[in-house]
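We did not get these values from a lab; they are worked out from the coordinates using the rules stated. Because the structure is predicted, anything quoted here is derived from the model rather than measured. Positions of Cβ are generated from backbone atoms using ideal geometry, with glycine treated the same way; all protein chains shown enter the neighbour counts.
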Amino acid sequence: MTEQHGAAPSNDCGRALRIVDDAWSELRQAPGWGAQALNQRPSLFHVSFDSVQRRANRGRKLGAEIAQLDLASLPHDLALTVRLANLYAGRWAREDDWYGTVFDPAGVGFFGLFAPTPYCGGGVLSNVLVSMQKMALHDAADLDRYLAFVADFARLVREMVERTRGQAEGGTYMPQVQLVQTVPLLQGLQQRALAELQVVDARLPARVPPSFQAELTARLRDVAAAFDEFVALLGETHAQRAPETVGMAQYRDGPEIYAALIRQHTTLDLTARDVHAMGLDRMAQIRSDMQAARTEAGFSGSDQAWRESLDAQPRWRAANEEEVTRLFRVYIERIKPHLGAYFSFQPKAGHDAAALPDSLAGAMSFGFYDPPKADQPIGRYLYNARNLTQRGLFNLGALNYHELMPGHHLHFASQWENEGLHPLRANCFINAFNEGWAEYAATLAGEMGMYELPDERFGRLVMDAFLTCRLVVDTGMNALGWSLEQARVYMRENSFMSDAEIRSESVRYSCDIPAQSLAYKIGDVALMRLRTRMRDALGTKFDIRRFHDAVLRPGALPLNLVEAEVDRTIAQLAA
């Protein structure tokens, strides 16, 4: 794929293309990108301080080179790509300074406090195991490479151990509430690794060297030992000094880093107090909308009573993951005939839902969207079957439209398939855009009539309330002095989540990946505001498909650049 920029490159165009190619060569090494099938790699990635420092130096060099470019002289699409390269360069440039407090093992901008947590190192190790199960094993050379990757997996675990040890030496200890979740997570990952890294006969080539199984057994013992070291370290150091308090404010440079993470995850110049106030105001509106929905449905009780009533109804319960998947597919089929009226294009890749691996189900409240990639032709939402079989699924429609079509799947798959984008753009990951679009899509689904029943419309409001809670409690715990219990009380009053979900999610915000959760509603509100601007400016010329083109066709962008693209489209259509 090559950047589409029209005329032959000037000197600045040539330099700009080299810079974005350099940025892509760095980005593609991160484990979070679909281009990184293990069959194409000589080894696994590194998360040591030396590796982070190398990337930070490269980020500073790229930023200095970009500063020398005249972006106004570049073709429009190329200038956009350079601006994205500059965003990544700025992110990389500070990683070495932040390493003792937060780091980004997946390379997607999700800076986590501690390596052995579900959304930080735990998720990364889980994804590596999935990739290793997909490795081609056709001959003796492939088996040698596989053995090297097993050894490398143990090395990766030990690098996370060393970072955790270094944090403790610097006085940064995992809070008690995270620690009690972390040891079972590591033990589950250990059991899963020892089971899944064994090679079943069906994967083996016809001729297997006699030494293979013995060498694999020895290397698996080393994998087990690496996890044992991790668990032992937590017991020896963190367990004795683990604080009862949570949040970034208690750690070295925590307030400053959290303020930077707010700007990174929202791509807007917002403070913790700005976001917190926005959450409180939005929650008041949601509760008003819920009251109106109850009145429409003829339900006389409270919001919580309605939630409990719907939870108890057999029509909204699923006994097992097969029934959960079946309900996801009901919503997938419901929206299909209507997509053409709202979107001028759709991805070629299909989509579906499937259950999370057991090793992650105990630590993740919900799940995540897994986009299509070279070795996986469809996008999937991996859901927590344990969670969804224990409660009513009247909000599953909203979750489906957020995660699949027209949410994450439409965005990620169409971006990945767009051959007109430079690979840096085709693989771009901007949290405010990604989650903002998905939440916008869940709201749009309601405008499309996809929430046919009052129960489903209430389910959408319940999901909105849950995500809006994040604006309040994430900023509360990490910047504004809220205790964990204060945050949980607010969530019990407003999120409509179970106690188990509240326990898991509150730990995620305060001990795992702070500020990441702010992107959802901040991005949603920004996109709705831009749609209103375009509608008001164009009047009868407004076509929602053109708005969606303006937002989606360039791929993920920071929200200020999305605004510029929408304004550019308005000017073109108004002419």
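For THR389 and GLU162 in the same chain, what is the full-extension length gain: residue separation times 0.36 nm, less their Cα-Cα distance, in nm?
Result for the pair: 77.9 nm of gain on full extension.
Considering only DSSP beta bridges whose two residues both sit in the chain, what percent are antiparallel, to the nearest 5? Let's see the in-between values first.
Details: 6 of 11 bridges.
DSSP beta bridges in the chain are roughly 55 percent antiparallel.
Cut-off is 10 Å between beta-carbons; in what order do SER211, SER43 appear when sorted fewest neighbours first?
In increasing order of surrounding Cβ atoms, one gets SER211, SER43.
Just want the ordering: LYS521, LYS336, LYS61, from fewest to most Cβ atoms lying within 10 Å of their own Cβ.
Values: LYS521 23, LYS336 11, LYS61 15.
Least to most surrounded, the residues fall as LYS336, LYS61, LYS521.
Bin all alpha-carbon pair distances of the chain at 10 Å intervals from 0 and give each bin's fraction as a whole percent.
With a bin width of 10 Å, the distribution comes to 3, 17, 27, 28, 18, 6, 1, 0.
Considering amide H positions built from the backbone, and no H for Pro or chain starts, which residues 5 or more places from TYR383, or on another chain, come under 5 Å of its amide H?
ALA354, ALA355, LEU356
How high is the relative contact order of segment 118-243, in percent, with contacts defined as C-alpha pairs under 8 Å that are six or more residues apart?
Details: 96 pairs, mean separation 58.0, N = 126.
This gives 46 percent for segment 118-243.
In what sequence, highest mean first, do 22-30, 380-388 appear when ranked by Cβ atoms within 10 angstrom?
380-388, 22-30
Among the aspartates and glutamates, which fall within straight-line cross-link reach of LYS134, defined as a Cα-Cα distance under 13 Å, with same-chain neighbours fewer than 8 residues apart omitted?
Within reach: ASP142, GLU196, ASP375.
Counting pairs of Cα atoms in segment 426-468, how many percent are more than 11 Å apart?
For segment 426-468, the fraction of Cα-Cα distances above 11 Å is 69 percent.
Take the alpha-carbon centre of segment 66-96, take the same for segment 382-420, and report the distance between them in whole Å.
31 Å
How would you order 483-490, 261-268 from highest to lowest mean count of nearby Cβ atoms within 10 Å? Provide the component values of the computation, followed by the final result.
Numbers: 483-490: 17.6, 261-268: 22.1.
Peptide ranking by packing, descending: 261-268, 483-490.
Please work out the FRET efficiency for the pair SER483 and ARG533, using the Cβ-Cβ distance as r and a Förster radius of 51 Å; give the result to the nearest 0.05.
Computed FRET efficiency for SER483 and ARG533 comes out at 0.80.
Among 80-88, 544-552, 434-442, how do they line up from the highest to the lowest mean number of other beta-carbon atoms within 10 Å?
Going from most to least packed, we get 434-442, 80-88, 544-552.
What lysines sit close enough to LYS348 to cross-link, taking a C-alpha to C-alpha distance under 16 Å and skipping anything fewer than 8 places away on the same chain?
Qualifying lysines at Cα under 16 Å: LYS336, LYS373.
Of CYS469, CYS13, CYS511, how do they rank once you tally other Cβ atoms within 10 Å and put the fewest first?
By the 10 Å Cβ count, ascending, the order reads CYS13, CYS511, CYS469.
List the extent of the Cα atoms of segment 118-243 along each of their three principal axes, largest first, rounded to whole Å.
Ordered largest first, segment 118-243 gives principal extents of 55, 22, 17 Å.
In whole Å, what is the distance between the alpha-carbon centres of segment 421-485 and segment 197-221?
So the separation of the two Cα centres works out to 44 Å.
If you average the sequence gap of Cα pairs under 8 Å that are 6 or more apart and divide by the length of the chain, what percent do you get for the contact order? Intermediate results must be reported in sequence, preceding the final value.
On the way: 858 pairs, mean separation 99.3, N = 575.
Normalised by residue count, the contact order of the chain is 17 percent.
Based on DSSP H runs of at least 4 residues, each adding -39500 (n - 2.57), what is the mean residue ellipticity at 222 nm of the chain after dividing by all its residues, to the nearest 500 deg cm²/dmol?
-19500 deg cm²/dmol
I'd like the distance separating the alpha-carbon centroids of segment 251-303 and segment 172-193, in whole Å.
After rounding, the separation between the Cα centres reads 29 Å.
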